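Report on the structure given below.
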Amino acid sequence: MMTRSPQGRTNRLTRPSIAVAAAVAVTAGVVAAAPDAKTAEPTPKLSLIAASTSVTLDSWKDDPGVYLDLGTYLTSENGAFELKVTRKSYKDPVVATQVLRNGKKTTTKALPAGLVKDFSGLPGFAQVSVTDAAGKTVLKQTEAFCPNNASGRIRPDAPANSKYPQSCPVNPFTLGSVWGVENGWASNTYAGYYAKPVQLAAGTYTAKISVTKKYRDLFGIANKPQTVKVTVRERSWEDEEGSGPAARSAAPRSAESAAGTQGHTGHTGHGGHEGHQQAADAPAASAHAAHGAPARPEAPAGRTTGAAPTFNVGHGPYPPAPPALPWALKKESLQRQAFSAAKVGDRPGQTDGSRQAPAAEPNAKRPTGKATVPDVPKPDLRSLPAYGITVSDGYEDDPGKDYLAFSANVWNAGPAKLVVDGFRSPGKELMDAYQYFYDAKGKQVGYTPTGTMEWDPRPGHEHWHFTDFASYRLLKADKKESVRSGKEAFCLANTDAVDYTVKNANWHPDNTDLSTACGQENSISVREVLDVGSGDTYTQDLPGQSFDITGLPNGTYYIQVLANPENRLKETNHKNNSALRKVVLGGKKGARTVKVPAHDLVNAN
């Protein structure tokens, strides 16, 4: 979310973002034999293990606090540990169901009502206590657990890839999610960005980690706490070799500094899909990054909405998390990691989530023959209510005015993905856009013209936008239009996992990285895809995008998010394209306020 005080201080968390699953080398001395299929229990056997008996954690003078990534994992044997988390509507509570698979037979087990309240993971799952060298308890807390955290195999005959999504979504209007630990895999119990840093002085400690009793009883987990020796060392960039401005700018940053600078980066980039040319961990364009902000431990699961890495800065309300690195790489010196941050990515033995997902390849040639819209499954575009709502001034672009900023998401409920190709005639500025249709086997069986794509040359954008994908309007109390956002052209990307329980939902969408999904200035063609179950969040926080409320009277208004406003895209249903969010404006010019009532059971502004 973004907030701006009357004094002009900005605190933003922009961009969904994503630290995703990593191939973690879990060397805990636990290598289990494959269970015999004939004697395997129908329910998974879950265990808590520690990857190492000792860890070293850093507390930086510039940004004190220790992130308790203690290297404990939940393993699953005798089958995968799978949970389905849903809500029927925003008027209904979130409910969780365990899915049990035994061969071709699938059964479900309802978990206790109220166990989960959102989609970010199992609350209060891990109990962590820390004692100092004298045996005094200096910390005791519980942490949530996302089963989709950074994970890896614990035995060589386990499935090569996990079928489960790579993060737990935190968009407040998420409708459905799937969490899981693959059979023969282990998932890190560290809460990542959902956890707060703790204050521990430099020294040695003993950490005891266990699964809380309610989850041991619920899932049959043995009460076997893990003990890890912890060394906390205080570090400072001034003490590091080669800590000049160039090295510092390449280093990972803390969550707090990331939040502040990403908001600024979105501002300079004029909102939308910024940051695609930035380093893996931090916006290189951010001026603050050069001030030597300290590194922080890699988070196995970031505060993300379900899409990919950090290339979507400015594209949503949450900060991107640093990538989750395998334990083998964690053994390298912090300095080496920090100074090579821009090189983090896929390479032999490493899949850390900072990769650039390959874009879907467009057709080689402009379609020929008669355009047809066949009777095959089509996408269903739906809007989520606006969130991340706040009042801001006009920055240096338009000082002295008041703006209503917000985040908006349009998602695809399926059952078919939205595929749009753009083709550029040599010398022309606009691409001609076409929507494609596919049969049940994935064969293209039709296409239709659907508008244009335009090149956005502004810094932080520099990609092709599909026009008329969505429209944002501020409606008066009588729901008649008052102000319209100027933002109506978009680069489509799967930034948010909105509902992975719908038919044909893709738990691993490809085009989550805007630097590859949206083309380059010299591209002759571009393919943009919005996959089933995923949505695309844009943060409207700049003049021209946000609503100018300078001259509007105080009172009740509605933010309308409208998908496919001109009905140019072919859908299964055009009647669910609009979503409204009530807001109440108050205050005086230069110090306007906004109150955001709860939307049914969702009390998030």
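The values are calculated or read from the model by the stated rules, or taken from the named source; none is laboratory data. If you're wondering where the values come from, they're calculated on a predicted model, not measured in any experiment. So basically every Cβ, Gly included, is an ideal-geometry build from the backbone, and we count neighbours across all protein chains shown. The accessibility values were calculated without ligands, DNA or RNA, using every heavy atom of the protein model including side chains. Shrake-Rupley method; radii C 1.70, N 1.55, O 1.52, S 1.80 Å.
For the stretch 545-573, how many residues are closer than 14 Å to residue 390 by Cβ and either touching a Phe, Trp or Tyr at 6+ places or on another chain (Cβ under 7 Å) or of a type in the set (Val, Ile, Thr) (or both)?
The qualifying residues number 4.
Just one of the numbered conditions (1) under 22 Å from residue 383 (Cβ atoms); (2) surrounded by fewer than 14 Cβ atoms within 10 Å (Cβ to Cβ) is not true of residue 443; which one?
So residue 443 meets the others, but not (1).
Hey, can you tell me all the residues within the stretch 88-114 that are under 17 Å from residue 170 (Cα atoms) and touching a Lys or Arg at 6+ places or on another chain (Cβ under 8 Å)?
93, 94, 95, 96, listed by residue number.
Taking the condition of being at pLDDT 95 or above, surrounded by fewer than 17 Cβ atoms within 10 Å (Cβ to Cβ) and either of a type in the set (Lys, Arg) or part of a loop (DSSP other than H, G, I, E, B) (or both), how many residues in the stretch 87-108 meet it?
Going through the stretch 87-108 one residue at a time, the tally reaches 6.
For the stretch 164-180, does any single residue satisfy the condition of being open to solvent by 50 Å² or more (accessible area, probe 1.4 Å) and in a strand (DSSP E or B)?
No: zero hits.
Being without any contact (Cβ under 8 Å) to a residue 40 or more places away in the chain and not small (Gly, Ala, Ser) is the filter here; which residues of the stretch 116-140 pass it?
Passing the criteria: 116, 117, 123, 136, 137, 140.
Just one of 143, 82 is modelled with pLDDT under 95, assigned to a strand (DSSP E or B) and under 20 Å from residue 169 (Cβ atoms); which is it?
Only one candidate qualifies: 143.
Residues checked against (1) among the small types (Gly, Ala, Ser); (2) surrounded by fewer than 15 Cβ atoms within 10 Å (Cβ to Cβ); (3) assigned to a loop (DSSP other than H, G, I, E, B):
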site: 112; (1), (2), (3): no, yes, yes
site: 115; (1), (2), (3): no, no, yes
site: 120; (1), (2), (3): yes, no, yes
site: 134; (1), (2), (3): yes, yes, yes
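Restricting attention to the stretch 371-428, which residues are closer than 30 Å to residue 595 by Cβ, open to solvent by 20 Å² or more (accessible area, probe 1.4 Å) and in contact (Cβ under 8 Å) with a residue 60 or more places away in the chain?
382, 393, 395, 397, 398, 400, 401
What is the residue count in the stretch 554-605 for residues that are open to solvent by 60 Å² or more (accessible area, probe 1.4 Å), free of Cβ contacts under 8 Å to residues at least 12 places away in the same chain and in a loop (DSSP other than H, G, I, E, B)?
4
Among the numbered criteria (1) under 27 Å from the mean Cα position of the chain (by Cα); (2) in a loop (DSSP other than H, G, I, E, B); (3) surrounded by fewer than 24 Cβ atoms within 10 Å (Cβ to Cβ), which single criterion is violated by residue 215?
For residue 215, the exception is condition (2).
Residue under question is residue 152, and the condition is that it be within 22 Å of residue 118 (Cα to Cα), outside any loop (DSSP other than H, G, I, E, B) and either among the acidic types (Asp, Glu) or open to solvent by less than 10 Å² (accessible area, probe 1.4 Å) (or both); does it hold?
Criteria not met by residue 152.
Assess whether residue 576 counts as being over 19 Å from the mean Cα position of the chain (by Cα), modelled with pLDDT of 85 or more and either among the charged types (D, E, K, R) or closer than 17 Å to residue 385 by Cβ (or both).
Here the answer is yes, as residue 576 does meet what is asked.
From 513, 541, 548, 536, grab the single residue that is open to solvent by 40 Å² or more (accessible area, probe 1.4 Å) and at pLDDT below 95.
Going through 513, 541, 548, 536 in turn, just one is open to solvent by 40 Å² or more (accessible area, probe 1.4 Å) and at pLDDT below 95: 548.
Which residues, taken from the stretch 202-235, are hydrophobic (A, V, I, L, M, F, W, C) and touching a strand residue (DSSP E or B) at 6+ places or on another chain (Cβ under 7 Å)?
Result: 202, 207, 209, 211, 219, 221, 222, 228, 230, 232.
Report yes if some residue within the stretch 229-245 is among the polar types (S, T, N, Q), part of a loop (DSSP other than H, G, I, E, B) and under 16 Å from residue 48 (Cβ atoms); otherwise report no.
No, the stretch 229-245 contains no residue that is among the polar types (S, T, N, Q), part of a loop (DSSP other than H, G, I, E, B) and under 16 Å from residue 48 (Cβ atoms).
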